[in-house]
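A.B. asks: One structure coming up, written as structure tokens, with questions to follow.
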Amino acid sequence: MPLRDLLLGLLVIAIWALNIIVIKVGVAELPPLLMTTLRFMLVAILLVPFYPVARTQLPFLLLLSFTFGTLHFALLFIGLGQSEAGTGALLVQMGTPFATLLAVIFLKEKLGPKRLTGLLLSFAGVIVLAGGPTLPSPLPLSILLLSAFGWAVSQLLIKRGPAIAPLALAGWVALLAVPQVAIGSWLFENGQWQAIKEASWVGWGAVFYTAAMSSIVAYGIWYALLRRHPVNRVVPMTLLVPVLAVGLGALLMGDSLGIHKLAGGGLVVAGIGLILIRFRKRRPAL
């Protein structure tokens, strides 16, 4: 990969890792479902007018708006509000093992010994994390794992669904998810208007960052890289996201770096690496 594209890939990884910290900061000022609603509204405003879709694609996008918009993103914001940034980032990475299992069950994909080992390492990492003091209580833990599951289901839907431009998909999923998360905020949160009036530039900056930088800029660069390079050269870079998020959590948020987090996180990242990275067989010398 040319140095320019490698640096662009690392920029995307840095944006996504910092996004975990930004969400933590944002939900300290805005209720998580309210912040998710504002994020989706901004994404929809910035993308939908420029990326129309066919009416026949709307039922698929509506389904995806629930699994990806509400189940993944809304629960991610809720879960990160109740956990350390680094631990939350590691738990959300379990979306990759979940997606692998779902592909085996529903798409009849073969697992193979390497991917099976990766799955076992990933789940072993969560067990190690569970033995440490940084793991959130059962409710936010379940919320973060359910968020990862929502991501996994969404990846399978995208894989089997109609071909839609990535930014069109992001914009319309956001638009269709707005009423879902807005109703959730109305039912389960309070003080929304007061939070909007009292939010500082930090809270509003967090909304802008998660919408414009993480969803639009980062994904725009990422999909451009995927068009120019083989998937197995680009996707493994995502392994750096939880590593960098753990470091940023310790540096910026004062999160602890105990042995359970380092060992458990290492197992999770190693397991996902075995799932994602394809090793080429060496050709015998002539």
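A.B. asks: Quote the FRET efficiency, to the nearest 0.05, computed for Ala263 versus Tyr51 with a Förster distance R0 of 30 Å and r equal to the Cβ-Cβ distance. Numbers along the way, then the final one.
C.D. replies: Values: r = 43 Å, r/R0 = 1.45.
For R0 = 30 Å, the calculated efficiency reads 0.10.
A.B. asks: Okay, next question. Give me the net charge of Tyr209's neighbourhood, meaning all other residues with Cβ under 15 Å from the Cβ of Tyr209; Lys, Arg count +1, Asp, Glu -1.
C.D. replies: Working: positive: Lys24, Arg39; negative: Glu29.
Neighbour charge sum, excluding Tyr209 itself: +1.
A.B. asks: Using a 1.4 Å probe, how large is the accessible area of Trp204, given in Å² and rounded to the nearest 10?
C.D. replies: The accessible area of Trp204 comes to roughly 100 Å².
A.B. asks: For the chain, what is the charge dipole size about the Cα centre, in debye to the nearest 20, if Lys and Arg each add +1 at the Cβ and Asp and Glu each add -1 at the Cβ?
C.D. replies: On the way: 20 positive and 7 negative charges, 321 e Å.
Computed about the Cα centre, the dipole is about 1540 debye.
A.B. asks: A further question follows. Rolling a 1.4 angstrom probe over the protein heavy atoms, how many square angstrom per residue are accessible across the chain? Each step should come with its number before you reach the end.
C.D. replies: Working: 14220 Å² over 286 residues.
Result: 50 Å² per residue.
A.B. asks: Something else: Say the cut-off is 30 Å between C-alpha atoms; which of Lys24/Lys114; Lys197/Lys261; Lys24/Lys108; Lys114/Lys261 go over it?
C.D. replies: Values: Lys24/Lys114 35 Å; Lys197/Lys261 37 Å; Lys24/Lys108 38 Å; Lys114/Lys261 24 Å.
Check vs 30 Å cut-off fails for Lys24/Lys114; Lys197/Lys261; Lys24/Lys108.
A.B. asks: For the range 138-250, what is the largest minus smallest coordinate of the Cα atoms on each principal axis, given in angstrom and ordered from greatest to least?
C.D. replies: Largest to smallest, the principal-axis extents are 48, 38, 32 Å.
A.B. asks: Which value in nm describes the separation of the simple spin-label points at Met1 and Ala28, placed 7 Å from the Cα toward the beta carbon?
C.D. replies: Modelled inter-label distance: 3.2 nm.
A.B. asks: From the alpha carbon gyration tensor of the range 62-199, can you work out the equivalent ellipsoid semi-axes (sqrt of 5 times each eigenvalue) and give them in Å, largest to smallest?
C.D. replies: Semi-axis lengths for the range 62-199 are 28, 23, 10 Å.
A.B. asks: Which parts of the range 144-175 would a label at Ile105 reach, counting a residue when its backbone N lies under 15 Å from a point 7 Å out along Cα-to-Cβ?
C.D. replies: Answer for the range 144-175: 146-157.
A.B. asks: Further, regarding this structure: What accessible area, in Å² to the nearest ten, does a 1.4 Å probe give for Phe208?
C.D. replies: Solvent-accessible area, nearest 10 Å²: 120 Å².
A.B. asks: On the accessible surface of the range 1-53, probed at 1.4 Å, how many percent belong to carbon and sulfur atoms? List each step's numbers first, then the result.
C.D. replies: Working: 1730 of 2250 Å².
Carbon plus sulfur share of accessible area: 77 percent.
A.B. asks: A further question follows. What is the sum of charges around Ala103, taking Lys and Arg as +1, Asp and Glu as -1, for the other residues whose C-beta is under 9 Å from the C-beta of Ala103? Walk me through the numbers before you get to the answer.
C.D. replies: Working: positive: Lys108, Lys159; negative: Glu109.
Neighbour charge sum, excluding Ala103 itself: +1.
A.B. asks: log₁₀ I(q)/I(0) of the range 1-69 at q = 0.12, 0.27 Å⁻¹, via Debye over equal Cα point scatterers, no solvent, to two decimals?
C.D. replies: -0.53, -1.12
A.B. asks: What are the extents of the Cα atoms of the chain along their three principal axes, in Å, largest first?
C.D. replies: Rounded to whole Å, the extents work out to 71, 49, 39 Å.
A.B. asks: Can you give me the Cα centroid spacing of the range 67-89 and the range 203-255 in angstrom?
C.D. replies: Between the Cα centres of the range 67-89 and the range 203-255 lies a distance of 15 Å.
The values are calculated or read from the model by the stated rules, or taken from the named source; none is laboratory data. If you're wondering where the values come from, they're calculated on a predicted model, not measured in any experiment. Glycine gets a Cβ as well: all are built from the backbone with ideal geometry, and neighbour counts include every protein chain shown. The accessibility values were calculated without ligands, DNA or RNA, using every heavy atom of the protein model including side chains. Shrake-Rupley method; radii C 1.70, N 1.55, O 1.52, S 1.80 Å.
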